[in-house]
Amino acid sequence: MVYLLVYSVASRCRKPSVPVEGKDYRRFAVLIAAYREDAVIMETVRACLAQNYPGDKYDVVVISDHMQSETNAALSALPVKLLQVDFEKSTNTKSLKAALRYLEKDAYDLALIIDADNIISSSYLSEVNNAFSVPGVQVVQTHRIAKNLNTDMAYLDAVSEEINNSIFRLGHANLGMSAALIGSGMAFEYPLFYDAMIKGVRFHYLPDTFVKDEKIQKVRNFYHQRRRWLSAQYYSLGEFVHHLLPAIRARKWDFCDKLYQQASFSRVLLLGFTFIISLAYSLCASSLAYKWWRIFFLLLLALVLAVPRHFWKWRLLKAFCLVSYSFLLMSFNLFRLREANKKFIHTRHGVG
C-alpha cells in the first residue's frame with residue numbers, strides 16, 4: 001500500500017521535459033509479432049509505414065505466425081520484411097528471437113517492439129529517436145493509451161492501464177527509478193535487446209509519446225488475457241528470484257524494485273482482498289478492523305490519485321461496477337496458472 005501511494009503521489013509531480021532534437025537518424029527495426037492477427041495487422045503496419053522519418057532508416061518487420069495466406073499476400077505487397085513462422089507452441093518471445101536470427105546483426109541501431117494491434121502517430125519514430133539523443137538513454141517505454149473505449153470493460157481496462165502508467169512508469173521515472181516495461185511500445189539499443197535487465201540498464205519513460213493499444217471489450221477476453229498475464233508474471237518471478245540477494249549486494253535497486261512488482265498482487269486483487277479482510281474483521285468486532293479499513297482507504301487513495309483527470313466522468317462510475325466481477329475472475333485465475341503455462345492464450349483483437 002505504501003509502495004503504491006508513494007509512486008502514485010510522485011506521478012502527480014510532473015517534471016518539465018526539455019525537448020531534445022536528434023541530430024542523427026538512427027536505424028530502426030520495428031518488430032511486430034503477429035499471431036492470428038489478421039483483423040488488425042494491416043492497420044498497424046500502415047501506421048508504421050506512414051512515418052515522417054526517412055524511409056531508408058527503418059524497416060517494418062512482421063513475424064507472421066498462423067495468419068491466413070490472404071493476409072500474408074497483402075503484407076508481401078507492402079514495403080515490409082515478412083517472416084513467416086509456424087510454431088507448435090507460439091509465444092511473442094519465440095517470434096522476436098526468430099526475427100533477430102533473420103535480420104542482420106549490425107544493420108540496426110534500435111529495436112522497437114510494437115504489438116499487432118497498436119497504432120502509432122506519424123511522429124512516433126522521430127520522438128523515440130530524439131529520446132535516444134539524450135546521453136545515457138538505452139531503453140525507453142512510450143506511453144500506451146487506449147485505442148477504443150466502446151464498452152464498459154474497455155473503459156475499465158483503459159483506466160487500469162493508466163493507473164499502472166502513473167505508478168509504475170511516470171512515478172518511478174520522476175523519482176529517478178527505471179520505468180516498468182509493458183511489452184509493447186518499447187525501444188532498445190539493438191545490442192541490449194536480450195540482456196537489458198541483466199546489465200542493469202535504466203528504463204526511461206516517454207509520457208508524451210503515445211502508442212494506441214486496443215482495450216479488452218468482453219469479459220471472457222479479459223479473463224483469458226489476465227490469466228496469461230498472471231502466468232507470465234509469476235513465471236518471470238520464478239526465473240529471476242534467485243538473483244535477488246546478489247542484486248541487493250550489488251545495490252541494483254532497479255532490479256529489486258522490478259522483482260517486487262513481479263511478486264505483488266495486481267491492483268484489483270489487492271483491493272479486493274483488503275476489502276474482504278476489512279469487512280471480516282468488522283463483522284467479528286475485532287479491534288484490528290480500524291487498521292485494515294485505514295489500509296483499504298489509503299490503497300484506494302493511491303489508485304484514485306493515479307487516474308488521469310480526463311477519465312473522471314460519470315462513465316467511470318459505471319465501469320467501476322465491474323471491479324468486483326473482475327476481482328472474482330482474477331481470483332479464479334490464481335488457480336489456473338499452471339494450465340496457462342502449458343499453452344499460448346491468444347487475446348482476440350479487432351475493434352467492433
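The values are calculated or read from the model by the stated rules, or taken from the named source; none is laboratory data. Only a predicted model underlies this, so the values are computations on that prediction, with no experimental measurement involved. Note: ideal-geometry Cβ built from the backbone for every residue, glycine included; neighbour counts use all protein chains shown. These accessible areas exclude ligands, DNA and RNA; they are computed on the full protein's heavy atoms, side chains included. Shrake-Rupley method; radii C 1.70, N 1.55, O 1.52, S 1.80 Å.
Give the number of residues within the range 296-316 that are among the hydrophobic types (A, V, I, L, M, F, W, C) and over 20 Å from residue 166 (Cα atoms).
Kept after step one, since they are among the hydrophobic types (A, V, I, L, M, F, W, C), are these residues of the range 296-316: 296-307, 311-312, 314, 316.
Filter once more, keeping what is over 20 Å from residue 166 (Cα atoms): 314.
Of the residues in the range 296-316, 1 are among the hydrophobic types (A, V, I, L, M, F, W, C) and over 20 Å from residue 166 (Cα atoms).
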Under 6 Å by Cβ, and 6 or more places apart or on different chains, what pairs join a residue from the range 93-115 that is open to solvent by 30 Å² or more (accessible area, probe 1.4 Å) with one that is charged (D, E, K, R) and at pLDDT 90 or above?
109/26; 109/27
Name the pairs: first residue in the range 124-147 and in contact (Cβ under 8 Å) with a residue 24 or more places away in the chain and under 18 Å from residue 184 (Cβ atoms), second residue part of a helix (DSSP H, G or I) and basic (Lys, Arg), Cβ to Cβ under 7 Å, at least 6 apart or on different chains?
141/169
Conditions first: (1) basic (Lys, Arg); (2) under 30 Å from residue 174 (Cβ atoms); (3) surrounded by fewer than 13 Cβ atoms within 10 Å (Cβ to Cβ). Residue 89 passes all but one, so which condition is the exception?
(2)
Output for Cβ contacts, cut-off 8 Å, separation at least six or different chains, first residue on the phi > 0 side of the Ramachandran plot in the range 50-72, second open to solvent by less than 20 Å² (accessible area, probe 1.4 Å) and outside any strand (DSSP E or B), reads 66/90
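Considering only residues of the range 302-324 that are out of contact with any helix residue (DSSP H, G or I) (no Cβ under 7 Å at 6 or more places or on another chain) and part of a helix (DSSP H, G or I), which is most open to solvent (accessible area, probe 1.4 Å)?
The initial filter retains those residues of the range 302-324 that are out of contact with any helix residue (DSSP H, G or I) (no Cβ under 7 Å at 6 or more places or on another chain), namely 304, 309-310, 312-314, 317, 320-321, 324.
If we keep only those that are part of a helix (DSSP H, G or I) as well, we get 304, 309-310, 314, 317, 320, 324.
Working: 304: 60, 309: 189, 310: 114, 314: 214, 317: 102, 320: 109, 324: 77 Å².
Here the residue is 314.
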Would you check which residues across the range 37-71 are acidic (Asp, Glu) and within 18 Å of residue 84 (Cβ to Cβ) and list them?
37, 38, 59, 65, 70
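Are any of the residues in the range 200-208 over 21 Å from residue 323 (Cα atoms) and modelled with pLDDT under 75?
There is at least one residue in the range 200-208 that is over 21 Å from residue 323 (Cα atoms) and modelled with pLDDT under 75.
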Across the range 164-192, the tally of residues that are more than 12 Å from the chain's Cα centre (by Cα) and within 29 Å of residue 318 (Cα to Cα) stands at 4
Find all pairs meeting these conditions: Cβ atoms under 9 angstrom apart; at least six residues apart or on different chains; first residue within the range 155-174 and outside any helix (DSSP H, G or I) and buried (at least 22 other Cβ atoms within 10 Å of the Cβ); second residue at pLDDT below 90 and of a type in the set (Ser, Thr, Tyr).
none
Index of the failed condition, residue 26 passing every other in (1) within 27 Å of residue 178 (Cβ to Cβ); (2) open to solvent by less than 50 Å² (accessible area, probe 1.4 Å); (3) in contact with a Phe, Trp or Tyr (Cβ under 7 Å, 6 or more places away or on another chain):
(2)
Condition first: more than 29 Å from residue 308 (Cα to Cα), assigned to a loop (DSSP other than H, G, I, E, B) and open to solvent by 30 Å² or more (accessible area, probe 1.4 Å). Can you find one or more residues in the range 7-22 that meet it?
no
List every residue pair whose Cβ atoms lie under 9 Å apart, where the two residues are 6 or more positions apart in sequence or sit on different chains, the first residue falls within the range 294-310 and is touching a residue at least 40 places away in the same chain (Cβ under 8 Å), and the second residue, located anywhere, is open to solvent by 80 Å² or more (accessible area, probe 1.4 Å) and assigned to a helix (DSSP H, G or I).
298/2; 302/2; 305/12; 306/12
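Within the range 31-66, restricting attention to residues that are small (Gly, Ala, Ser) and open to solvent by 20 Å² or more (accessible area, probe 1.4 Å), which residue is farthest from the chain's Cα centre (by Cα)?
Checking each candidate, the answer is 55.
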What pairs come up if the first residue lies in the range 270-288 and is free of Cβ contacts under 8 Å to residues at least 12 places away in the same chain, the second is in a loop (DSSP other than H, G, I, E, B) and of a type in the set (Phe, Trp, Tyr), and their beta carbons are under 8 Å apart, counting only those six or more places apart or on different chains?
273/265
